[in-house]
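> Got a structure for you, written out below as C-alpha cells; questions coming shortly.
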Amino acid sequence: MGKVIVVTSGKGGVGKTTSSAALGAALAHKGDRVVIVDFDVGLRNLDLVMGAERRVVYDLVNVIQGEAKLSQALIRDKRLETLFLLPASQTRDKDALTPEGVETVITELKRVFDWVICDSPAGIERGATLAMRHADIAVVVTNPEVSSVRDSDRIIGLLDAKTAKAERGERIEKHLLLTRYDSNRAERGDMLKVDDVLEILSIPLIGIIPESMDVLRASNIGAPVTLADARSAPAMAYFDAARRLAGEVLPITIPGEKRGIFGKIFGRKAA
Amino acid sequence: MTKVLTDARSIRIKGRSFLAVVLSPDLPFDDWLARLDDLAARSAGFFLGRPVVLDVTDLPIDRAQLKELLAEFSQRNVSIMGIEGARPSILGQGMPPALKGGRPVSDEAVAKEPVIELQNNPADSKSAVVESRQPLQSIIIREPVRSGQSVIFPEGDVTVIGSVASGAEVIAGGSVHIYGTLRGRAMAGSVGNASARIFCRKMEAELLAIDGIYKMAEDMAPSLRGKPVQLWLEGDTIMAETLI
C-alpha cells in the first residue's frame, strides 16, 4: 500500500504546486512509483509546472464521474518512467469533487503507487478538505511571513480534525516545508526566522527551500525544479526533504547560514 | 383513513444548554451603544455568530424603546436570540422570545454534568468533544490551540500545554493557564468570576478578558510583551504583572 501525502498551506502562492512537483520528481528519481494528483479543480496549474499541459485528455473529474478510467487519465512523465500526473479539470469547479469519488480514486492509486501526492488548492473549503481527507502524511508549505504562518496554523488544526485519520482517532503525520526562505531578509528582520516559524507552528521541519530564480525558471520551462537543475540550491533542498519524507534522518541546514570562506575571513577582519 | 400515530421513527427532542453572551444595557442607550461600538471596533467580529441574550431587567423602557434598541443591534449585526427580564407588556410581535431561568454558569447547580468543548469554528464540525463523567473543575489541553479553534470550558479552569495561536481563543469559567505563548484571545471568568486570572509563559495576546472586562493588545504595557505574565481583576481594571 502506498502512502498518501497532502501538500497544503491554506494561503495561496506559497509554493504548494511547485513543491508537489519537486518532491514527486525527487521521490520518483530514486525509483519509487509516484503519482501527483492536482486537486485544484478550475485553476489547474500542476500540468504546466510538469510540462504536460498539451497531453491532458481526461482529468480527475472525468474519473470521479465515471467518464474515463483512471488509467486513461494518468499522464506518464516524459523524463521519469515512474512519475505520473493526474490532472485537475480546468472547466469545472470544486463542487464536481465528491467525497466518495475522491475516496475511490485515492484507494485505487494507493494500490498501484508507492506515493500518492495530493496537491491541495488554497483555502479551507471543499477542494482543500477533500485533498487532505485521506492523507497519511501532510506537508504544510509555509513562507516565512506572518499571514502564511497563521494560515498554516489553521490548516494544521484542520488536519487534526477533518481528515479520515483524525476521525479514526489516529494522528496524521505533519511536516513543515519552509519555502522562499531568504536568510538575508530574515537577518534584517523583513522575514520571520526559521526558529520563529517553528515556535509558532510546532511541527517538525522537513526542509527549507531557499528563495531562488531557479524555481521560477523551472516552472516556466515546465519541469519540476528537481529535474530542471538537480544541482541548484532549491533542488538539493527538495531532494533532502524527499529523503526525510521517506524516513531518512538528515541534519537540516539553513540556506545561507553556512557562510563561505569569504564570509569567515570577512567576519574575522571585522571583529 | 386511519392515521398511523406511532411512526417507527420518533422525533428526538433533547435539552441542551449553551453558553450565551449576555448584554445588559443601561440608560441612556445612546451612551451605552457608543461604548458597545467602541468595544466592537477594537475587537472586530466579537459578536459575529455568537448567541447574544439581552438582559433588560429593571430597565424602565416601553415597547417602542425596546424595538428601537433591537433595531440598533441588528444594524450592528448583533443578533439577539432572546430577551431576559422583560415585562410581557413590552414584548411584541417579531421580537426575540423571552428567556427565563438564566443562571451564571459558575452556579454550582449547573456544574452537575459539565461538558468539555474543544471546538473549531462552526464550519469545522469535528474536533474532539469530550464528555466527562464526573464533575470536573479543570481541563488540560495537551497540544497547541491552533488558529481558528476555540476551547470553551465554562465550568472551570483551562490549562493549555502549548501555545494559543493568533486567531484562536480560550474561554474559561475559571482561570486560564497557558504554558506557551498566548497570541490569541484568552477570557477568564467568562461566566461571572472576578477572581479568575490569566497566566501565560509568553504574552503576545490579541485580547484579554476577565469577568467581562476587556483589554486589547494596544492597551497593554509594552513592557509585558513577550514576558511571562499574570493578569487579574481589581475592581473594573485588569491588572498585570510579570511573573518571576
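> Looking only at the stretch B:80-102, which residues are modelled with pLDDT of 80 or more, out of contact with any Pro (no Cβ under 8 Å at 6 or more places or on another chain) and open to solvent by 70 Å² or more (accessible area, probe 1.4 Å)?
Of everything in the stretch B:80-102, just one residue is modelled with pLDDT of 80 or more, out of contact with any Pro (no Cβ under 8 Å at 6 or more places or on another chain) and open to solvent by 70 Å² or more (accessible area, probe 1.4 Å), namely B:P97.
> Let me ask something else. Of all residues being farther than 18 Å from B:E204 by Cβ and among the basic types (K, R) in the stretch A:137-169, which is nearest to the other protein chains (Cβ to nearest Cβ)? Just the residue, please.
A:K162
> Filter the stretch A:152-170 down to the residues that are closer than 23 Å to B:S166 by Cα, of a type outside the set (S, T, N, Q) and assigned to a loop (DSSP other than H, G, I, E, B) and list them by number.
Residues satisfying the conditions do not exist here.
> Working carefully through the options B:P114, B:P122, B:P144, B:P154, find the one that is surrounded by 20 or more Cβ atoms within 10 Å (Cβ to Cβ), modelled with pLDDT under 80 and either closer than 26 Å to A:D160 by Cα or away from chain A (no Cβ under 13 Å) (or both).
Details: B:P122 fails: surrounded by 20 or more Cβ atoms within 10 Å (Cβ to Cβ); B:P144 fails: modelled with pLDDT under 80; B:P154 fails: modelled with pLDDT under 80.
From the options B:P114, B:P122, B:P144, B:P154, the qualifying one is B:P114.
> Got at least one residue in the stretch A:255-269 being at pLDDT 70 or above, in a helix (DSSP H, G or I) and either in contact with a strand residue (DSSP E or B) (Cβ under 8 Å, 6 or more places away or on another chain) or among the aromatic types (F, W, Y) (or both)?
Filtering the stretch A:255-269 for residues at pLDDT 70 or above gives A:255-256.
After this cut, where a residue has to be in a helix (DSSP H, G or I) as well, the list is none.
For the stretch A:255-269, residues at pLDDT 70 or above, in a helix (DSSP H, G or I) and either in contact with a strand residue (DSSP E or B) (Cβ under 8 Å, 6 or more places away or on another chain) or among the aromatic types (F, W, Y) (or both): absent.
> Follow-up. Inspect the stretch A:195-205 for any residue being open to solvent by less than 40 Å² (accessible area, probe 1.4 Å), more than 18 Å from the chain's Cα centre (by Cα), within 11 Å of chain B (Cβ to nearest Cβ) and free of Cβ contacts under 8 Å to residues at least 12 places away in the same chain and give the result as yes or no.
no
> Can you tell me which residue is nearest to A:V35 (Cα to Cα) among those in the stretch A:102-128 that are without any contact (Cβ under 8 Å) to a residue 60 or more places away in the chain and of a type outside the set (D, E)?
The qualifying residue nearest to A:V35 (Cα to Cα) is A:T107.
> Restricting to the stretch B:161-181, what's the tally of residues that are of a type in the set (A, V, I, L, M), in a strand (DSSP E or B) and within 12 Å of another protein chain (Cβ to nearest Cβ)? Break it down stepwise before answering.
Initial filter on the stretch B:161-181 (of a type in the set (A, V, I, L, M)): B:161, B:164-165, B:168, B:170-172, B:176, B:178.
Keeping just the survivors that are in a strand (DSSP E or B) gives B:161, B:164, B:170-172, B:176, B:178.
Now narrow it down to the ones that are within 12 Å of another protein chain (Cβ to nearest Cβ): B:161, B:164.
Matching residues across the stretch B:161-181 total 2.
> Another question, then. Does the stretch A:176-190 contain at least one residue that is within 14 Å of chain B (Cβ to nearest Cβ), in a strand (DSSP E or B) and within 12 Å of A:V141 (Cβ to Cβ)? If you could, list the steps in order and put the result at the bottom.
Of all residues in the stretch A:176-190, those within 14 Å of chain B (Cβ to nearest Cβ) come to A:176.
Then keep just the ones that are in a strand (DSSP E or B); that gives A:176.
Narrowing further to those that are within 12 Å of A:V141 (Cβ to Cβ): A:176.
Yes, there is a match, as at least one residue in the stretch A:176-190 is within 14 Å of chain B (Cβ to nearest Cβ), in a strand (DSSP E or B) and within 12 Å of A:V141 (Cβ to Cβ).
> Go through the stretch A:244-257 and give me each residue that's open to solvent by 40 Å² or more (accessible area, probe 1.4 Å) and in contact (Cβ under 8 Å) with a residue 60 or more places away in the chain.
Hits for the stretch A:244-257 are A:A246, A:I254, A:G256, A:E257.
> Might you check whether a residue that is closer than 26 Å to A:Y181 by Cα and open to solvent by 20 Å² or more (accessible area, probe 1.4 Å) occurs anywhere in the stretch A:51-68?
Step one: of the stretch A:51-68, the residues closer than 26 Å to A:Y181 by Cα are A:51.
Imposing the further condition that a residue be open to solvent by 20 Å² or more (accessible area, probe 1.4 Å) reduces the set to A:51.
Within the stretch A:51-68, one or more residues are closer than 26 Å to A:Y181 by Cα and open to solvent by 20 Å² or more (accessible area, probe 1.4 Å).
> Same structure again: Residues B:E241, B:E218: which one is open to solvent by 20 Å² or more (accessible area, probe 1.4 Å), more than 22 Å from B:I139 (Cα to Cα) and at pLDDT 90 or above? First the steps, then the outcome.
Values: B:E218 fails: at pLDDT 90 or above.
Among B:E241, B:E218, only B:E241 is open to solvent by 20 Å² or more (accessible area, probe 1.4 Å), more than 22 Å from B:I139 (Cα to Cα) and at pLDDT 90 or above.
> Could you give every pair whose Cβ atoms fall below 7 Å, whose first residue belongs to the stretch B:61-80 and is closer than 18 Å to B:A20 by Cα, and whose second residue is among the aliphatic types (A, V, I, L, M) and open to solvent by 60 Å² or more (accessible area, probe 1.4 Å), counting only separations of at least 6 or pairs across chains?
B:N77/B:L48
> Here is a further query. Residue by residue through the stretch A:76-101, note down the ones that are of a type in the set (A, V, I, L, M) and either surrounded by 22 or more Cβ atoms within 10 Å (Cβ to Cβ) or in contact (Cβ under 8 Å) with a residue 60 or more places away in the chain (or both).
Going residue by residue through the stretch A:76-101, those that are of a type in the set (A, V, I, L, M) are A:80, A:83, A:85-86, A:88, A:96-97.
Correct list: A:L80, A:L83, A:L85, A:L86, A:A88, A:L97.
> When you scan the stretch A:138-147, do you find a residue that is in contact with a strand residue (DSSP E or B) (Cβ under 7 Å, 6 or more places away or on another chain), under 23 Å from B:P144 (Cβ atoms) and in a helix (DSSP H, G or I), even just one?
The initial filter retains those residues of the stretch A:138-147 that are in contact with a strand residue (DSSP E or B) (Cβ under 7 Å, 6 or more places away or on another chain), namely A:138-144.
Now restrict to residues that are under 23 Å from B:P144 (Cβ atoms): A:138-144.
When the remaining residues are screened for being in a helix (DSSP H, G or I), the result is none.
No, that holds for no residue.
The values are calculated or read from the model by the stated rules, or taken from the named source; none is laboratory data. None of the values given here were measured: they were computed from a predicted structure. Cβ atoms come from the backbone with ideal geometry, glycine included; neighbour counts cover every protein chain shown. Ligands, DNA and RNA are stripped out before the accessible areas are found, and what is left, the full protein with its side chains, is counted by its heavy atoms. Shrake-Rupley method; radii C 1.70, N 1.55, O 1.52, S 1.80 Å.
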